[in-house]
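The values are calculated or read from the model by the stated rules, or taken from the named source; none is laboratory data. Please read all numbers here as calculations on a predicted model, not as lab measurements. When we count neighbours, we look across all protein chains shown, and the Cβ atoms used for this are built from the backbone with ideal geometry, even at glycine. We work out accessible area using only protein heavy atoms, side chains counted, and drop any ligands, DNA or RNA first. Shrake-Rupley method; radii C 1.70, N 1.55, O 1.52, S 1.80 Å.
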Amino acid sequence: MSAFKLRPEQQRVIDSYRRGYAAVSAVPGAGKTTTLSALAAHLIEHRIFPRQRVVIVTYQNAAVANFQMAIRARLGERGILERGFIVRTLHGLAN
């Protein structure tokens with residue numbers, strides 16, 4: 001099995017992120033889930049924000065499951081327990 005590797009553009013998102021909100025808008029299949037799940041795992045691993053959680057908000061229920069699986073996979077690759085993140089739809093977050 002090959003190691004997980006980001007494209008240079010995706011790696012730049014992770015390397016340049018400092019704090020606060022991040023919005024990623026792109027066409028389907030562009031790598032939004034991959035990029036944001038890698039960023040979430042990076043923030044959790046390096047405890048960028050101690051005692052806080054990474055929150056990902058999306059529009060579709062299917063995207064919630066995709067993000068959860070992707071973040072779990074990235075954390076698992078790093079040997080980190082599943083913790084420190086929440087994924088919700090916009091409607092679910094409002095509830």
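Look through 66, 61 and report the one residue that is open to solvent by 70 Å² or more (accessible area, probe 1.4 Å) and under 14 Å from the mean Cα position of the chain (by Cα).
66 is the lone residue from the list that is open to solvent by 70 Å² or more (accessible area, probe 1.4 Å) and under 14 Å from the mean Cα position of the chain (by Cα).
Could you grab the pairs with beta carbons closer than 6 Å, sequence gap of 6+ or different chains, first residue in the range 74-95 and under 16 Å from residue 14 (Cβ atoms), second one assigned to a strand (DSSP E or B)?
If the second residue must be assigned to a strand (DSSP E or B), the pairs left are 85/54.
Only residues that are under 22 Å from residue 26 (Cα atoms) and without any contact (Cβ under 8 Å) to a residue 24 or more places away in the chain: list them for the range 55-73, please.
Result: 62, 65, 68, 69.
Hey, among 88, 47, which residue is of a type outside the set (Ser, Thr, Tyr), surrounded by 14 or more Cβ atoms within 10 Å (Cβ to Cβ) and more than 19 Å from residue 6 (Cα to Cα)? Outline the logic, then answer.
Working: 47 fails: surrounded by 14 or more Cβ atoms within 10 Å (Cβ to Cβ).
The conditions single out 88.
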